[in-house]
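Novice: Let me begin by handing over the structure; questions about it come next.
Every number here is computed from the coordinates shown, using simple stated rules; none is lab data. This is a predicted model, so every value here is computed, not measured. Quick reminder, even Gly has a Cβ in these numbers, built from the backbone with ideal geometry, and neighbours come from all protein chains shown.
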Amino acid sequence: MRRGLSSELDEMWSYVHSKANPRWLWHAIDHHTGTVLAYVCGRRQDTVFLALKALLEPFGITRYFTDGWGAYERHLDAEQHEVGKANTQKIESKHINMRTRIKRLVRRTICFSKTERMHDLVLGLFINRYEGLDHGVGHPRSRYPI
């Protein structure tokens, strides 16, 4: 019998051109291996989370670990959803690593993206290159094909 896949989901804040134009990276990783399963970039809105959820459907995830953001509460089944920081340590660690390695994600910096497209491409290329995501930027299953 196949054990159900469990996943950590989280969102990470950044901005394009100025802090008045926030941009969020929403992504999901395998809870046991830390492998990135899918990601989308956009606003911190339910529609963007639903796009991520649609990308996760083929994986057959049976357990979701998240923080307390309302979109998760509204769109995930309560019996499959667990809220708390205890089971989101891997994905939070990935956020720290990304902020360390991509200067435009640092909160206080003079380096920033000028367009949403370039911002999303930089994040997508980083995830594809360093996280080994098979369907990153440019892939037909990607949210942002080139």
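Novice: I'd like the chymotrypsin sites (Phe, Trp or Tyr not before Pro) in segment 1-85 restricted to DSSP loop residues with at most 16 other Cβ atoms within 10 Å, sorted by number.
Specialist: Trp69
Novice: While we're on this one: What are the extents of the Cα atoms of segment 5-131 along their three principal axes, listed from largest to smallest and rounded to whole Å?
Specialist: Principal extents (Cα only, largest first): 44, 26, 26 Å.
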